[in-house]
Amino acid sequence: MTQRKIALDARRAVRHMTGIGHYILELAKRMPMLAPDLEFQLLVDRPLPEGVLPAGCTQVVLGRFDVDSTPCVRFYSPLWLNTHVPRYLKQNGVALFHGTNSVIPLWPPCKVVCSVHDVSFIELPNAYGPVYRYYMQAQVRLALRRADVVVTGSHSARKDLTDLLHVCDGKVVVIHHGVGDEFREGYENSYLRSVRSQFMLPDRYILHVGIVEVKKGIDTLLRAGANVIEAGFADAVVLAGCDGFGAREIRDLASGLGLGERVRFLGFVPQESLPGLYGQASVVAFSSQYEGFGLPVLEAMACGVPVIASESSSIPEVAGNAAVLVPPADAGSLTEALKAVLGNAELRAELRRRGLSRARQFTWAESAARHVAVYRQVLDKVEESTARSEAGADRV
């Protein structure tokens, strides 16, 4: 039997990966085993790093593009998506294209599933430049109209899609993300010492993982962190993530607060170092104003670290009762929560226990199985429609 071809937009797995890149790779690692009758192809604009290609998947490099400049990438992306991709899909008989990051071709020649992770460009207009914001609004509206099924990571994100963009609720499928196997307790001391040495980590630090950008609420975290450090509850705030929109202003704020070496901008942290970074933190503070899911919350919990997070968007859905939740953009509430957690060993132990239990409820195996089910649902409809058409032609 000929395998039906499924092509995924895997570009976010090529460059420095954030949550979307890991989402793509975690699915790609598992789907070939779950669906041996399907052929999985990862479409990229330059080769994946050596050793990254998951077993059972084929890498397809289209229109090779080796420039890392953000303006160049943003200009080239729609060109790649609307020239190279449709041509390849049509010429190679691909049955289904999965737009993994909110965008799809204008005229896809096959069935389409699109993952729309959030609508932060609508909820937080000041967190993006105007050109990018308008581009994303146009692209997402197109994807919602043209995709056969829309996948999103939380019920909160689905509500935003239906309320703000008026997509039919029945067209949107919620599939939660999972936690990577590498996020766990019990790493050897030698590994932990290596990570501590690599990043010159202080003894007691408040950790934030995510792009350094406006929507992450890092300004609120820095203000709260300055209060907590001054009160003697922690030594530093550590920020792990690349610079994004508004990073310069965030760095200026850190300087204005007089934090100096007590705030550490680590930049991009490779995946192999993240568990050690989480595991040695005193607390993880996830101060984001808006999230479609919020992977760092679960990753921290899986590593046995207490979590304080914003009570906004999808975050309560992900955290459950295993984190201390505070209002977003409220430095006073975040300060008090940090002091309460850092100053109470029993509370930290309880949050650790709840967090480990909560993290176990989110697995990439379940997420991959549900994505495969969506693919089959779309493909089966194609086959049913074809069969009906052929039956009608026979009757004629």
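Keeping to the range 312-321, report how many residues are outside any helix (DSSP H, G or I) and surrounded by 24 or more Cβ atoms within 10 Å (Cβ to Cβ).
Number of matching residues: 2.
Considering every residue within the range 90-100, establish whether at least one is assigned by TED's automatic domain parsing to the domain that holds Thr162, within 22 Å of the chain's Cα centre (by Cα) and farther than 16 Å from Ile6 by Cα.
no
Which numbered condition trips up Ser255, out of (1) surrounded by fewer than 21 Cβ atoms within 10 Å (Cβ to Cβ); (2) touching a residue at least 24 places away in the same chain (Cβ under 8 Å)?
(2)
Check Ala309, Ala231 and return the single one that is small (Gly, Ala, Ser) and surrounded by fewer than 23 Cβ atoms within 10 Å (Cβ to Cβ).
Every option except Ala231 fails the conditions.
Can you tell me how many residues in the range 45-56 are closer than 17 Å to Ala369 by Cα and either under 21 Å from the mean Cα position of the chain (by Cα) or of a type in the set (D, E, K, R) (or both)?
1
Quick one: Ala236 ticks every box in (1) closer than 27 Å to Glu350 by Cβ; (2) surrounded by 22 or more Cβ atoms within 10 Å (Cβ to Cβ); (3) in contact with a Phe, Trp or Tyr (Cβ under 6 Å, 6 or more places away or on another chain) bar one, so which box is it?
Just one mismatch for Ala236, condition (2).
Would you say Arg158 is modelled with pLDDT of 95 or more, under 30 Å from His117 (Cα atoms) and either hydroxyl-bearing (Ser, Thr, Tyr) or part of a helix (DSSP H, G or I) (or both)?
For Arg158, the condition - modelled with pLDDT of 95 or more, under 30 Å from His117 (Cα atoms) and either hydroxyl-bearing (Ser, Thr, Tyr) or part of a helix (DSSP H, G or I) (or both) - is met.
Check whether at least one residue in the range 214-230 is touching a residue at least 60 places away in the same chain (Cβ under 8 Å) and within 15 Å of the chain's Cα centre (by Cα), and report yes or no.
Looking for residues that are touching a residue at least 60 places away in the same chain (Cβ under 8 Å) and within 15 Å of the chain's Cα centre (by Cα), one finds at least one in the range 214-230, hence yes.
If I filter the range 100-110 for residues that are in a helix (DSSP H, G or I) and exposed (fewer than 15 other Cβ atoms within 10 Å of the Cβ), do I get at least one hit?
no
Report every pair of residues separated by at least 6 positions or lying on different chains whose Cβ atoms are under 7 Å apart, first residue within the range 106-126 and more than 30 Å from Asp380 (Cβ to Cβ) and not assigned by TED's automatic domain parsing to the domain that holds Tyr290, second among the aromatic types (Phe, Trp, Tyr) and surrounded by 17 or more Cβ atoms within 10 Å (Cβ to Cβ).
Pairs found: Ser120/Tyr290; Phe121/Tyr128; Glu123/Tyr290; Leu124/Tyr290.
Can you tell me which residue in the range 127-154 is farthest from Val378 (Cα to Cα), limited to those that are among the hydroxyl-bearing types (Ser, Thr, Tyr) and surrounded by 15 or more Cβ atoms within 10 Å (Cβ to Cβ)?
In this case the residue turns out to be Tyr128.
Please name all residue pairs, on different chains or six or more residues apart, with Cβ atoms under 9 Å, provided the first residue is in the range 182-197 and is among the aromatic types (Phe, Trp, Tyr) and the second residue is modelled with pLDDT of 95 or more and in a loop (DSSP other than H, G, I, E, B).
Pairs found: Phe183/Cys303; Tyr187/Cys303.
Considering each of Glu336, Glu346 in turn, give the residue that is more than 14 Å from Ser282 (Cα to Cα) and in a helix (DSSP H, G or I).
Glu336
Residue check: is Ala157 more than 27 Å from Pro275 (Cβ to Cβ), assigned by TED's automatic domain parsing to the domain that holds Gly19, buried (at least 21 other Cβ atoms within 10 Å of the Cβ) and in contact with a Gly (Cβ under 8 Å, 6 or more places away or on another chain)?
Considered against the rule, which asks whether it is more than 27 Å from Pro275 (Cβ to Cβ), assigned by TED's automatic domain parsing to the domain that holds Gly19, buried (at least 21 other Cβ atoms within 10 Å of the Cβ) and in contact with a Gly (Cβ under 8 Å, 6 or more places away or on another chain), Ala157 comes out as no.
What single numbered condition from (1) touching a residue at least 40 places away in the same chain (Cβ under 8 Å); (2) buried (at least 22 other Cβ atoms within 10 Å of the Cβ); (3) under 20 Å from Ala373 (Cα atoms) fails to hold for Leu42?
Checking Leu42 against (1) touching a residue at least 40 places away in the same chain (Cβ under 8 Å); (2) buried (at least 22 other Cβ atoms within 10 Å of the Cβ); (3) under 20 Å from Ala373 (Cα atoms), the one that fails is (1).
The values are calculated or read from the model by the stated rules, or taken from the named source; none is laboratory data. All of these numbers come straight from a predicted model, not from anything done at the bench. In this analysis, Cβ positions are derived from the backbone assuming ideal geometry, glycine residues included, and neighbour counts consider all displayed protein chains.
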